[in-house]
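What follows is one structure encoded as structure tokens, with my remarks underneath.
The values are calculated or read from the model by the stated rules, or taken from the named source; none is laboratory data. Quick caveat, the model's predicted, so the values are computed rather than measured. All Cβ positions, glycine included, derive from the backbone under ideal geometry; neighbour counts span all protein chains shown. Note: areas computed on protein heavy atoms with side chains; ligands, DNA, RNA excluded. Shrake-Rupley method; radii C 1.70, N 1.55, O 1.52, S 1.80 Å.
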Amino acid sequence: MRLEDTLNKILIVDFGSQFTQLIARKIREFGIYCEIISHKSIEKRKNFDKNIKGIVLSGGPLNVYENKKVKFNNNLLKLEIPVLGICFGHQIISKVMGGKVKSSNFREFGLAEVTEIKKSKLTKNFFSKKKNNVWMSHADQVTKLPKNFNIIAKSKNSKMCIIENKKRNIFGIQFHPEVSHTNKGKTILRNFIFSICKLNRNWSASDQKKKLINEVRDIVGNSKVICALSGGVDSSVVAKLLSNAIGKKLTCIFVNTGLLRKGEEKQVVNTFKKRFKINLIYVNAENIFLSKLKNISNPEKKRKIIGNLFIKIFEKYAKKIKKVKFLAQGTLYPDLIESKSVTGSQTSKIKSHHNVGGLPKKMNLKLVEPLKYLFKDEVRKLGLELGLNKEIISRHPFPGPGLAIRMPGNISIEKIKILKEADNYFIKSLKDNNLYDKIWQAYAALLPVKTVGVMGDNRTYEYICLLRAITSEDGMTADFFQFNKIFMRSVSNQIINNIRGINRVVYDITSKPPSTIELE
Ligand code: XMP
């Protein structure tokens, strides 16, 4: 029997929200085991696992009054366990329990203020002076309270913003407690899990490790696996996880695309081949990547070219190893959510992250992506649990397409050389000033614009280097990091004095959204 089958858990019913995995991650953070299930797959289910001690109904892009596609399974309510409906979940629970939901004249997107009307176990310690700021994303609202429900809180455009059926422990909230923008959103989830569902902690990074190792063994069986190792946190964790799970059946392949950070190739070979004694094949593919990317400036094209080339190279080496059936990748949940919804089609596509969107259709290898439901910080914890050292674990994320997407416009050897140096100076300065670990991701980019400068008595006409440094929890939202002037001046001086080809340094002061972390 699997470990997970023995644990009490929260069941998250997914209606297609881009935040469903965030709900799961917040629940895991409390040390509670949870499972996500698509609403479609349980439409007619009669029997549910006895270990389910609470149900969360996610948000979603559908609406409850027009769309006949959503058939809510009333058997969920017959289980008589606590239910928490969030956004769409709030609306559907209101509808099936006798309330009404209508399209609202005033939509609420972004921050909104909610006011407490009545005390509830769910909102204990949530309000301060009966107010709180929450994050809303809805165009519909509950207009008639379902039977035996009370209103716990209201907002300007949602009069029944938090509701409860106290006797049956059923709750609905219009806003999203799972996103970091909702002030004290975790308090609501904590109250639901511990005071209402009465669960005890039963899930840790060590359990996560065991679960993933077992899953990898189940999927892979006796076959051989190759792992796309980049040296970044994600692929390093995948490589170590697989090596723990299947030992020598794993071969890592490290492709030098020519688009890596300065000195990265040496570092990777030293760490994984020498230190961890993992089978590692080093492929120097600089020339082929650069020739295929010649004159390509469209970001999506760059991604697809790089993704396809990666896979071709893996397939080539897989054939040499023989009997390889699987390719392991360090895809994380945010990579998936921004390319395509896990449950279907609902979330809109923002970028094709190369290890998701760029896969050729006729791939001869099956994928193993053991981290695909985890967030970055969870992967770091897992890495430490697997015995990887802090230096690898705390590395800033680096995108698969590498420097190609930090160089808007055409790619050239000259630009790559300049960019590698600039990035190296910036990162080294961050480390020297103890700033590296305070920043979630930082990098230098080279803009395809030359501007005029003056050095000595001479006119220069060179590239602009853009620096980006952001703070974030999970890469899904981000804010720019505030440096002091002394640091900024020192970095700018170092870059301009040491690198021929750059005569101007600018700092990116946009958050995500509206920008993304990478430039392309
Ligand atoms: P964006 O730019 O989408 O980045 O805000 C979010 C996080 O994802 C990384 N990223 C990628 N990682 N392949 C990857 O493996 C990609 O194509 C890719 N694009 C962005 C980015 O560095 C940031 O950490």
Against the conditions (1) part of a loop (DSSP other than H, G, I, E, B); (2) open to solvent by less than 10 Å² (accessible area, probe 1.4 Å); (3) away from the ligand (no atom under 16 Å from the Cβ), where does residue 203 fall short? Just the number, please.
(2)
Considering only the range 204-221, I want to know if a residue exists there that is in contact with a Cys (Cβ under 9 Å, 6 or more places away or on another chain) and not hydroxyl-bearing (Ser, Thr, Tyr).
no
If you take the residues in the range 316-336 that are more than 16 Å from the ligand (Cβ to nearest atom), under 21 Å from residue 216 (Cβ atoms) and of a type outside the set (A, V, I, L, M, F, W, C), which one is most open to solvent (accessible area, probe 1.4 Å)?
323
Cβ-Cβ distance below 6 Å, separation of 6 or more or different chains: which pairs start in the range 463-480 with a residue that is under 30 Å from residue 453 (Cβ atoms) and in a strand (DSSP E or B) and end on one that is more than 12 Å from the ligand (Cβ to nearest atom) and of a type in the set (Lys, Arg)?
463/450; 464/504
Subset of the range 6-37 [open to solvent by 10 Å² or more (accessible area, probe 1.4 Å) and β-branched (Val, Ile, Thr)]:
6, 36, 37
Given (1) open to solvent by 60 Å² or more (accessible area, probe 1.4 Å); (2) over 21 Å from residue 372 (Cβ atoms), identify the lone condition not met by residue 3.
(2)
Only one of (1) within 13 Å of the ligand (Cβ to nearest atom); (2) β-branched (Val, Ile, Thr); (3) open to solvent by less than 40 Å² (accessible area, probe 1.4 Å) fails for residue 510. Which number is that?
(3)
Within the range 468-507, track down each residue that is over 15 Å from residue 425 (Cα atoms), open to solvent by 20 Å² or more (accessible area, probe 1.4 Å) and out of contact with any Asp or Glu (no Cβ under 9 Å at 6 or more places or on another chain).
477, 479, 481, 482, 483, 484, 485, 486
The one condition in (1) of a type outside the set (D, E, K, R); (2) open to solvent by less than 70 Å² (accessible area, probe 1.4 Å); (3) away from the ligand (no atom under 16 Å from the Cβ) that residue 442 fails to fulfil
(3)
Residue count, the range 87-112 (criterion: assigned to a strand (DSSP E or B) and in contact with a strand residue (DSSP E or B) (Cβ under 6 Å, 6 or more places away or on another chain))
10
How about the range 457-467: which of its residues are away from the ligand (no atom under 16 Å from the Cβ) and either within 21 Å of residue 415 (Cα to Cα) or open to solvent by less than 70 Å² (accessible area, probe 1.4 Å) (or both)?
459, 460, 461, 462, 463, 464, 465
Among the residues of the range 392-425, count how many are open to solvent by less than 30 Å² (accessible area, probe 1.4 Å) and assigned to a helix (DSSP H, G or I).
13
Would you mind telling me which numbered condition in (1) closer than 24 Å to residue 409 by Cα; (2) without any contact (Cβ under 8 Å) to a residue 60 or more places away in the chain; (3) buried (at least 16 other Cβ atoms within 10 Å of the Cβ) residue 451 fails?
(3)
Which pairs have Cβ atoms under 8 Å, sit 6 or more apart or on different chains, and link a residue in the range 86-107 that is in the same structural domain as residue 170 (by TED's automatic domain parsing) to one that is modelled with pLDDT of 95 or more and among the hydroxyl-bearing types (Ser, Thr, Tyr)?
86/58; 87/58; 88/58; 89/58; 100/94; 101/94
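Looking at 413, 392, which one is at pLDDT 95 or above and either over 23 Å from residue 303 (Cα atoms) or of a type in the set (Val, Ile, Thr) (or both)? Even if it seems obvious, please write down each step before you answer.
Details: 392 fails: at pLDDT 95 or above.
So the residue among 413, 392 that is at pLDDT 95 or above and either over 23 Å from residue 303 (Cα atoms) or of a type in the set (Val, Ile, Thr) (or both) is 413.
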Restricting to the range 289-324, name every residue that is in contact with a strand residue (DSSP E or B) (Cβ under 6 Å, 6 or more places away or on another chain) and outside any helix (DSSP H, G or I).
323, 324
Could you identify the single residue in 53, 71 that is charged (D, E, K, R) and farther than 14 Å from residue 14 by Cα?
53
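Can you name every residue in the range 381-435 that is more than 25 Å from residue 446 (Cα to Cα) and aliphatic (A, V, I, L, M)?
Taking the range 381-435 as the starting set, the residues that turn out to be more than 25 Å from residue 446 (Cα to Cα) are 381-393.
Selection gives 382, 384, 386, 388, 392, 393.
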Condition set out of contact with any Ser or Thr (no Cβ under 8 Å at 6 or more places or on another chain), at pLDDT below 95 and assigned to a strand (DSSP E or B), scope the range 124-158, selection least open to solvent (accessible area, probe 1.4 Å): answer is 137
What number of residues within the range 175-200 are of a type outside the set (Lys, Arg) and open to solvent by 40 Å² or more (accessible area, probe 1.4 Å)?
6
